[in-house]
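What follows is a short report on a single structure.
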Amino acid sequence: MLREGALKGNVIVVTGGGTGLGRSMAETFLRLGAQVCITSRKLEVLQATAAEMEKTTGGTVLPVACDVRKWQDVDQLLAAVLARFGRVDALVNNAAGNFISPTERLSTKAFETIIGIVLMGTVNCTLAFGKHWIAKGEPGKRVLNITTTYAWTGSAYVVPSACAKAGVLALTRSLAVEWAKYGIRTNAIAPGPFPTKGAWQRLLPGELAEQFDMAKQVPLARVGEHRELADLASFLVSDYSGYINGEVITIDGGEWLKGAGQFNMLEQLDPAMWDAIERMVRNVKS
Ligand code: HXC
Ligand code: NAP
């Protein structure tokens with residue numbers, strides 16, 4: 001979507017960048033000329049991904065192990081990025097944890113774990129990088145948070161994730177205002193269904209994937225392609241989106257609106273049924 005070299009000169013950190021959507025975003029940033037640091041808990045996964053991406057893009061990737069729940073890890077992540085590249089321009093808070101469960105089955109530890117990764121992980125990284133940017137007085141920096149469409153609506157059976165993502169949404173909008181004076185833009189993406197191993201294994205395990213075909217919930221009748229989300233993320237971390245701040249862009253083929261509109265179930269009616277219905281409704285008037 002963006003022209004070649006659009007992210008040249010940028011150093012971008014992607015949490016959860018070794019797999020799934022994080023990996024796809026990191027690869028697209030590399031193709032557009034950025035230098036990238038990918039981070040998560042599993043160093044072997046990161047190293048393998050980094051080697052593959054360097055080969056396919058010719059770019060530079062720094063893999064760093066970091067549990068975003070731990071402040072000390074995050075502090076070391078920032079130090080490692082600065083030691084290697086001397087600067088950092090954008091942070092993509094993508095790391096997440098999630099699983100489906102009736103809420104009454106959950107322990108407080110289960111809540112703490114998901115809120116720890118999703119909300120506190122995002123807070124830790126944003127705070128570490130933000131403090132650094134503010135102390136250095138370097139404007140033009142960007143934070144991009146990956147949230148979900150149920151951050152607004154809530155969702156049954158993924159309640160810890162819904163609570164945490166709602167917090168990320170509030171963080172995005174709050175800092176967009178508070179940190180604008182330091183030249184830091186804060187935005188978010190709310191994805192609908194994008195097949196990834198990490199999400200699908202935990203949210204649609206076993207036969208659930210066939211039983212509940214996510215594509216059927218989407219007005220566009222398909223799931224998302226990684227390229228589509230990666231292009232949007234590239235735009236939001238680039239200077240081309242320089243006046244967008246505090247925005248959350250939904251990329252879900254219209255999925256959440258379909259669930260929201262009270263009469264959207266009428267989608268199932270065929271033209272003959274509409275003819276019959278029209279006659280009935282008009283008869284009411286006469
Ligand atoms: C109930 C569960 C559980 C389950 C774990 N727990 N899985 N409770 N049902 N299925 C409980 C444990 O019993 C424990 O509580 C607590 O949660 C912590 O579990 P651990 O396994 O010790 O935690 P940890 O090793 O840190 O693993 C974190 C994880 C795991 C989130 C549980 O799944 C993970 O590493 N996920 C990372 C990748 C991921 O989730 N990707 C998907 C993102 S998708 P007790 O009390 O027993 O000690 C996403 C998409 C949203 O966000 C929208 C899609 C359309
Ligand atoms: P994924 O591949 O499982 O990505 C999650 C990543 O987070 C993994 O790389 C994981 O790596 C990392 N991670 C987990 N816990 C961590 C921790 N404590 N510290 C550091 N990293 C940690 O799933 P995905 O589908 O690509 O999800 C990416 C993002 O998109 C998430 O924010 C998710 O909520 C969001 N999203 C996805 C969908 C979808 O349909 N796929 C829909 C809506 C929103 P390690 O295990 O190595 O730590």
Among all residue pairs at least 6 apart or on different chains, which show Cβ distances below 9 Å where the first residue, located in the range 8-29, is without any contact (Cβ under 8 Å) to a residue 60 or more places away in the chain and the second is basic (Lys, Arg) and surrounded by fewer than 24 Cβ atoms within 10 Å (Cβ to Cβ)?
-> Gly18/Lys42
Among (1) in contact (Cβ under 8 Å) with a residue 60 or more places away in the chain; (2) part of a loop (DSSP other than H, G, I, E, B); (3) within 22 Å of Val237 (Cβ to Cβ); (4) of a type in the set (S, T, N, Q), the one test that Asn98 misses = (3)
Could you list all residues from the range 157-186 that are touching a residue at least 40 places away in the same chain (Cβ under 8 Å), among the aliphatic types (A, V, I, L, M) and over 16 Å from Cys125 (Cα atoms)?
-> Val158, Val159, Val177, Ala180
Complete set of residues in the range 11-44 that are near ligand 2 (Cβ under 6 Å from one of its atoms) and not basic (Lys, Arg) | Thr15, Gly16, Gly18, Thr19, Gly20, Leu21, Gly22, Ser40
Pairs only if they're at least six apart or on different chains, beta carbon under 8 angstrom, first in the range 212-236 and in contact (Cβ under 8 Å) with a residue 24 or more places away in the chain, second assigned to a loop (DSSP other than H, G, I, E, B) and of a type in the set (D, E, K, R); list them, first residue then second.
-> Val218/Asp252; Gly224/Asp252
Condition met for Ala96 (modelled with pLDDT of 95 or more, crowded, with 24+ Cβ neighbours inside 10 Å, among the small types (Gly, Ala, Ser) and away from ligand 1 (no atom under 16 Å from the Cβ)) | no
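Would you check which residues across the range 1-23 are closer than 20 Å to Val88 by Cα and more than 14 Å from ligand 1 (Cβ to nearest atom) and list them?
Gly5, Ala6, Leu7, Lys8, Gly9, Asn10, Val11, Ile12, Val13, Val14
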Those residues of the range 33-45 which are farther than 16 Å from Gly97 by Cα and either of a type in the set (Gly, Ala, Ser) or buried (at least 24 other Cβ atoms within 10 Å of the Cβ) (or both), in sequence order = Gly33, Ala34, Val36, Cys37, Ile38
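The values are calculated or read from the model by the stated rules, or taken from the named source; none is laboratory data. Every value quoted in this text rests on a predicted model; they were computed, and no experiment measured them. Counting neighbours? That spans all protein chains shown, and the Cβs are built from the backbone with ideal geometry, glycine included.
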